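K.L.:
Once you've had a glance at the structure underneath, I'll fire off some questions.
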Amino acid sequence: MNMFSKKAARIPPFYVMEVLERAEELERTGRDIVHLEVGIPDFPTAPHISEAAYEAIKAGETRYTHSMGLLQLRESVAGYYNRKFNLDLGAGQVIITSGTSPALLMLFMGLLDKGDEVVMSNPYYSAYPNFVEYMDGRPVFVYTGEDEGFSLTPDTVARKITPGTSALLINSPANPTGHVMYPETMEGLAEVAGDIPVISDEIYQGLVYKGKDHSILEYTDNAFVLNGFSKLFAMTGWRLGYLIAPPEYIRPLQKIHQNFFICANSFVQHAGIAALEGPQDYVQEMVATYDKRRKYILQRLKDIGFGIGSEPTGAFYVLANAKEFSEDSLELSRRILEEAGVAVAPGIDFGEGAEGHLRFSYANSLENIREGLDRIEEYLDT
Ligand SMILES: Cc1ncc(COP(=O)(O)O)c(C=O)c1O
């Protein structure tokens, strides 16, 4: 008999992970698959970052750390944000976590009581509503327009705020849309939220190809910022992230962290210090490479017949309208995988607002992207 909770039974699969797992199954049978589905940077972690972790292990840094993380890393995070966005954060506002995902979990554990509402865009990063529902909260969706790059607006958000709203969740640069929020929009959202805290998932911060990126902390102190090392520093497997919170929330969050996570990996935290304090030219090179791929993939997708509502200028995704080929994104992505040998993410993974779309990740070499798109073009032509 299945003794799992009703909550656990309700949690939907993360389809993009299922696409990846099916692709790997096909690869084991000898099929050649091009991966354009997952958001895993194809670059190796920079050598000076890995070196810092080896050194830490050699020095015996293999025990629990302070539950909030190593002071030096917390200072580095605060310094990084202060320099980049001209802020005045202290290390006391930073908690180091084993990735952005545990930080999200911890935050929703802390913020939500039964029925509390969290306003978010639709399309959204797949896991957001699941985190909220798992903590007995209620996601409230704002359907965003394709032609505006799927961006939230202060007006559309204002209409969804009720006395039951516990937080507004934003994500810029965004997954799955690649949209970078305009500073005026961020400012407007902070204003509309007022006393309601804004949760800002800034994990793709730095991966911006036009203009400058922004942090919600430039516009309000009533915000929780989530960020991590997975994307900008190509460190998905290291599992390192952080949460920046207003001082009054730190102690309750710390108690949650102590109980449920204890602390982030100790030697990995040393790698995090090296990532933030070390040379940044490696990051700049990755950003320049992503931008070349972005330009290429956008042009090719349009040529093939996909619709691009508004040019994505951040992260490493394009959410392309595929309705010309099928209204059912799951079925289309399955056919493209099985028959063309290319793994892409079905839009439905990111909410009904992304149905009829496919998400293409350009965290892969130009050569592989070209091969994948050649295959898709040939398949769709037939
Ligand atoms: C928007 C967004 N938030 C959070 C995460 C999870 O990041 P982490 O590896 O830090 O847990 C991802 C991963 O793809 C993401 O796209």
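K.L.:
Output yes when any residue across the range 342-357 is buried (at least 24 other Cβ atoms within 10 Å of the Cβ), touching a residue at least 60 places away in the same chain (Cβ under 8 Å), under 18 Å from the mean Cα position of the chain (by Cα) and assigned to a strand (DSSP E or B), and no when none is.
P.N.:
Scanning the range 342-357 turns up at least one residue that is buried (at least 24 other Cβ atoms within 10 Å of the Cβ), touching a residue at least 60 places away in the same chain (Cβ under 8 Å), under 18 Å from the mean Cα position of the chain (by Cα) and assigned to a strand (DSSP E or B).
K.L.:
Let me ask you something else. Val142 versus (1) away from the ligand (no atom under 13 Å from the Cβ); (2) in contact (Cβ under 8 Å) with a residue 40 or more places away in the chain: which is the lone unmet condition?
P.N.:
Val142 satisfies all of (1) away from the ligand (no atom under 13 Å from the Cβ); (2) in contact (Cβ under 8 Å) with a residue 40 or more places away in the chain except (2).
K.L.:
Continuing with the same structure: Which condition from (1) of a type in the set (A, V, I, L, M, F, W, C); (2) crowded, with 19+ Cβ neighbours inside 10 Å; (3) not in a loop (DSSP other than H, G, I, E, B) is the one that Leu26 breaks?
P.N.:
The number of the failed condition is (2).
K.L.:
May I pose another question? Residues that are buried (at least 20 other Cβ atoms within 10 Å of the Cβ), at least 2 per element: which helices (runs of 4 or more DSSP H) completely within the range 85-169 meet that? Break it down into steps so the answer makes sense when it comes.
P.N.:
Details: elements: 100-111, 127-134, 154-158.
Once the helices (runs of 4 or more DSSP H) in the range 85-169 are filtered for at least 2 residues that are buried (at least 20 other Cβ atoms within 10 Å of the Cβ), what remains is 100-111, 127-134.
K.L.:
List pairs: first in the range 1-25 and farther than 26 Å from Leu337 by Cβ, second at pLDDT 90 or above, Cβ under 8 Å, 6+ apart or cross-chain?
P.N.:
Here the result reads Lys7/Glu133; Lys7/Tyr134; Arg10/Glu133, each pair linking the range 1-25 to a residue that is at pLDDT 90 or above.
K.L.:
Conditions: (1) outside the structural domain of Ala23 (by TED's automatic domain parsing); (2) modelled with pLDDT under 95; (3) charged (D, E, K, R). Glu311 meets all but one. Number of the miss?
P.N.:
Going through the list (1) outside the structural domain of Ala23 (by TED's automatic domain parsing); (2) modelled with pLDDT under 95; (3) charged (D, E, K, R), Glu311 breaks only (1).
K.L.:
Continuing with the same structure: Select the helices (runs of 4 or more DSSP H) contained entirely in the range 240-314, then report the ones holding at least 3 residues which are closer than 29 Å to Gly110 by Cβ and touching a residue at least 60 places away in the same chain (Cβ under 8 Å).
P.N.:
Numbers: elements: 247-260, 266-277, 281-304.
Passing ranges, in order: 247-260, 266-277.
K.L.:
Could you give every pair whose Cβ atoms fall below 6 Å, whose first residue belongs to the range 101-124 and is under 18 Å from Thr165 (Cβ atoms) and in contact (Cβ under 8 Å) with a residue 24 or more places away in the chain, and whose second residue is within 12 Å of the ligand (Cβ to nearest atom) and assigned to a loop (DSSP other than H, G, I, E, B), counting only separations of at least 6 or pairs across chains?
P.N.:
No pair meets every condition.
K.L.:
Provide a single number: the residues in the range 228-238 that are at positive phi and near the ligand (Cβ under 7 Å from one of its atoms). Before the answer, list the steps.
P.N.:
Filtering the range 228-238 down to residues at positive phi leaves 234.
If we keep only those that are near the ligand (Cβ under 7 Å from one of its atoms) too, we end up with none.
Total meeting the criteria: 0.
K.L.:
May I pose another question? Would you call Ala174 in contact with a strand residue (DSSP E or B) (Cβ under 6 Å, 6 or more places away or on another chain), in the same structural domain as Glu117 (by TED's automatic domain parsing) and within 16 Å of the ligand (Cβ to nearest atom)?
P.N.:
Working: in contact with a strand residue (DSSP E or B) (Cβ under 6 Å, 6 or more places away or on another chain): no; in the same structural domain as Glu117 (by TED's automatic domain parsing): yes; within 16 Å of the ligand (Cβ to nearest atom): yes.
So Ala174 fails the test.
K.L.:
Criterion first (assigned to a helix (DSSP H, G or I) and surrounded by fewer than 18 Cβ atoms within 10 Å (Cβ to Cβ)) does Ser50 satisfy it?
P.N.:
On the way: assigned to a helix (DSSP H, G or I): yes; surrounded by fewer than 18 Cβ atoms within 10 Å (Cβ to Cβ): yes.
So Ser50 passes the test.
K.L.:
Name the residue that is modelled with the lowest pLDDT, counting only residues in the range 1-23 that are hydrophobic (A, V, I, L, M, F, W, C) and not in a helix (DSSP H, G or I). So that I can check it myself, show each step before the final result.
P.N.:
The initial filter retains those residues of the range 1-23 that are hydrophobic (A, V, I, L, M, F, W, C), namely 1, 3-4, 8-9, 11, 14, 16-17, 19-20, 23.
Of the ones still in play, those that are also not in a helix (DSSP H, G or I) are 1, 3-4, 11, 14.
Numbers: Met1: 64, Met3: 80, Phe4: 88, Ile11: 88, Phe14: 84.
By that ranking, first place goes to Met1.
K.L.:
For Ala288, are the conditions met, namely being exposed (fewer than 15 other Cβ atoms within 10 Å of the Cβ) and aliphatic (A, V, I, L, M)? Walk me through how you get there before you give the answer.
P.N.:
On the way: exposed (fewer than 15 other Cβ atoms within 10 Å of the Cβ): yes; aliphatic (A, V, I, L, M): yes.
Yes; evaluated as a whole, the condition is true for this residue.
K.L.:
Restricting attention to the range 92-136, report how many residues are β-branched (Val, Ile, Thr), under 24 Å from Ala354 (Cα atoms) and within 13 Å of the ligand (Cβ to nearest atom). Explain how you work it out, then say what you get.
P.N.:
Going residue by residue through the range 92-136, those that are β-branched (Val, Ile, Thr) are 94-97, 100, 118-119, 132.
Narrowing further to those that are under 24 Å from Ala354 (Cα atoms): 100, 118-119, 132.
Those still in the list that are within 13 Å of the ligand (Cβ to nearest atom) too: 100.
The total comes to 1.
K.L.:
Also, I was wondering about something else. Restricting attention to the range 197-227, which residues are assigned to a loop (DSSP other than H, G, I, E, B), more than 12 Å from the ligand (Cβ to nearest atom) and of a type outside the set (S, T, N, Q)?
P.N.:
Of the range 197-227, the ones assigned to a loop (DSSP other than H, G, I, E, B) are 197, 202-207, 209-215, 219-222.
Cutting the leftovers down to more than 12 Å from the ligand (Cβ to nearest atom) gives us 197, 206, 209-215, 219-222.
Selection gives Pro197, Gly206, Tyr209, Lys210, Gly211, Lys212, Asp213, His214, Tyr219, Asp221.
The values are calculated or read from the model by the stated rules, or taken from the named source; none is laboratory data. It should be emphasised that the depicted structure is a prediction, and the values quoted were computed from it without experimental measurement. Using ideal geometry, Cβ is built from the backbone for each residue, glycine included, and neighbour counts are taken over all protein chains shown.
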